[in-house]
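A quick write-up on the structure given underneath.
Coordinate-derived values only; no laboratory data. As the structure is a computational prediction, the values presented were derived from the model and not from experiment. With ideal geometry, Cβ positions are generated from the backbone for all residues, glycine too; neighbour counts draw on all protein chains shown.
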Amino acid sequence: MTILGIETSCDETAAAIIVGKDSHVDLRANIVASSLAMHIPTGGIIPENAAREQLKFILPVINQALADAGMTLEDIDAIAVTFGPGLIGSLLVGVETAKTIAYVLNKPLIPVNHMVGHIYANFINVHHKSETKLDAIRYTLDAHIAFPLLALVVSGGHTDLLLMKEHGHFQLLGGTRDDAAGEALDKIGRLIGVAYPAGPVIEQMAKSGDPNRFRFPRPLVGSPDFDYSFSGLKTAVLREVKNLGNLDAQTKKDIARGTLDAIIDVLIKKTVKAAAVHEVKSIILSGGVAANQTLRTAFEDEIAKRRMHVTFHVPPRHLCTDNAAMIASAAYFNPLEIEFNSVTANPELYFD
Ligand code: KG4
Ligand code: ZN
């Protein structure tokens, strides 16, 4: 089954083509255009500007994906589109484009929850030209993911821990009570002069930061539930920044290190605890923050150290941040076709 995926929930305009067969999804094309550069001067995304850029990019991006795959719209069996959560204007561009294509070509339309999409980035068999050889080998070998599994989605808007007993079954075990992990990184980035999105820069800065200089709070780390909270961490960093006054370059790196260590510590401790309680066979990580190599390695090390009987999976880095391949993959494994004019953008969509 050949699926065209479309993702326009925020500042990325993305189209991808996957071919699904049995329990495999192969990636044939993956195009992502971003309006990120225009949002950097404003320190965050202005929704109206993001939506206007979506309008400019959507058709060129879809056409480029088809060209990369050597296909035409006639070769597509179904269209998958993100219908929420996200920015209403941005979502509308993708949803209405997908509806129009589905109607004109009389093809099935599969609406996909963006967060479910992130999870399904783990189920893509990667033979993509932008992968390094090492990554390609590793991720192809990792392709079999056994249920029940724990899915931890860490993105700019969400930090959610879900139990999945099979495809299409999502039991929310816990989520963030305030800021998501990515949001905390972005806000703390602003405090130390790092432009949005701060996650990738904080990752680099932290590498030469002193792990012993700042020990920031690990909110809810020992609580009996599986909820997360990162706004207290942001407040603690703010207090420290105010106390210090002028921040030299090394201090900023030390703060980056203290911040990342605190976030990683909480994410791993809670996930590992949930894995034991629910006796899962796999842990899958996803979302923009999952692109963080320090987090990826820390998860692998912790699972090995504890000799847990679980396999750990994380998508290649470029499939962790927003893309349409994950949307098409989610549609292949959850083919809930909906009559085209019943699909509406839902900015507040959650796991329900
Ligand atoms: O999933 P995503 O691309 O968009 C949302 O659905 O929110 O996630 C974006 C978030 C941003 O907060 C960004 O700072 C963070 O992911 N991020 C990272 C890294 N790359 C992106 N955080 C830490 N390390 C990274 N390498
Ligand atoms: Zn996302």
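Contour minus end-to-end for ASP225 and ASP22, with contour as 0.36 nm per residue of separation and end-to-end as the Cα-Cα distance?
That works out to 69.4 nm of additional length.
Ranking request for peptides 73-79, 265-271, 119-125: highest mean number of other beta-carbon atoms within 10 Å first, then the rest in descending order. Each step should come with its number before you reach the end.
On the way: 73-79: 16.4, 265-271: 20.9, 119-125: 25.0.
Answer by packing, highest mean first, reads 119-125, 265-271, 73-79.
Please report, in Å, the Rg and the Dmax of segment 231-311, where both are computed over Cα atoms only.
Computed over the Cα atoms of segment 231-311, radius of gyration and Dmax are 15.8, 49 Å.
Dividing the alpha-carbon radius of gyration of segment 3-139 by 2.2 N^0.38 Å (N being the number of residues), what value is obtained?
Numbers: Rg = 15.1 Å, N = 137, 2.2 N^0.38 = 14.3 Å.
Compactness ratio reported: 1.06.
Let me spell out the model: positive unit charges on the Cβ of Lys and Arg, negative unit charges on the Cβ of Asp and Glu, origin at the Cα centre of the chain. What dipole size does that give, in debye rounded to 20?
Numbers: 32 positive and 39 negative charges, 245 e Å.
My answer is approximately 1180 debye.
Name the residue, out of ARG213, ARG306, ARG28, whose mean-square fluctuation peaks in a Gaussian network model built on the chain with Cα pairs under 10 Å.
Comparing ARG213, ARG306, ARG28 in the GNM, the peak value goes to ARG306.
Rounded to the nearest 10 degrees, what's the angle between the helix 293-305 long axis and the longest principal axis of the chain, both from Cα atoms, 0 to 90?
80
Using Stokes-Einstein with the Kirkwood hydrodynamic radius over Cα pairs, what translational diffusion coefficient do you get for segment 264-312 at 37 °C and a viscosity of 0.692 mPa s, in µm²/s rounded to a whole number? Kindly include the intermediate steps, with their values, before the conclusion.
Details: Rh = 11.0 Å.
The calculation lands on 300 µm²/s.
GNM on the chain, C-alpha springs below 10 Å: top fluctuator among LYS207, LYS242, LYS252?
LYS242
Restricting everything to alpha-carbon atoms, can you work out Rg to Rh for segment 289-352 with a Kirkwood hydrodynamic radius?
Numbers: Rg = 16.7 Å, Rh = 15.0 Å.
Rounded to two decimals, Rg/Rh equals 1.12.
P(r) tail for segment 38-99, what percent of Cα pairs lie past 13 Å?
Details: 1277 of 1891 pairs.
When every Cα pair of segment 38-99 is considered, 68 percent fall beyond 13 Å.
For ARG213 and MET1, compute 0.36 nm times the residue count separating them, minus their Cα-Cα distance, and round to one decimal in nm. Intermediate results must be reported in sequence, preceding the final value.
Values: separation 212, 0.36 × 212 = 76.32 nm, distance 5.34 nm.
My answer for the length gained is 71.0 nm.
By what distance, in whole Å, do the Cα atoms of the chain stretch along each of the three principal axes, largest value first?
Cα spread of the chain along its principal axes, largest to smallest: 62, 47, 38 Å.
GLN293 versus ILE40, label points 7 Å from Cα toward the beta carbon: distance in nm?
Each label point lies 7 Å from its Cα, and together they span 2.1 nm.
Can you give the extra length, in nm with one decimal, that the chain gains between GLN64 and ALA304 once fully stretched, where that is 0.36 nm per residue apart less the Cα-Cα distance?
Details: separation 240, 0.36 × 240 = 86.40 nm, distance 4.16 nm.
That works out to 82.2 nm of additional length.
Cα atoms only: what Rg and Dmax, in Å, come out for segment 200-352?
Values for segment 200-352 (Cα only, Rg and Dmax): 18.7, 58 Å.
Under a 10 Å cutoff between Cα atoms, tell me which one of PHE312, PHE147, PHE230 has the largest fluctuation in the Gaussian network model of the chain.
Most flexible of the set in this elastic network: PHE147.
Averaging sequence separations of C-alpha pairs under 8 Å and six or more residues apart, then dividing by the length of the chain, give the relative contact order as a whole percent.
Working: 773 pairs, mean separation 88.6, N = 352.
Answer for the chain is 25 percent.
Could you work out how far apart the two model spin labels at GLN204 and LYS269 are, taking each label as a point 7 Å from the Cα in the direction of the beta carbon, and quote it in nm?
Computed distance between label sites GLN204 and LYS269 equals 3.1 nm.
Sorting ASP225, ASP186, ASP322 on the 10 Å Cβ count, fewest up front, what's the list? Display every interim value, and only then the final one.
Working: ASP225 12, ASP186 22, ASP322 27.
Final ranking by Cβ density, sparse to dense: ASP225, ASP186, ASP322.
Say each of ASN49 and ASP77 gets a label point 7 Å from the Cα, pointing the same way as Cα to Cβ; how far apart are those two points in nm?
Simple spin-label model gives 4.2 nm for this pair.
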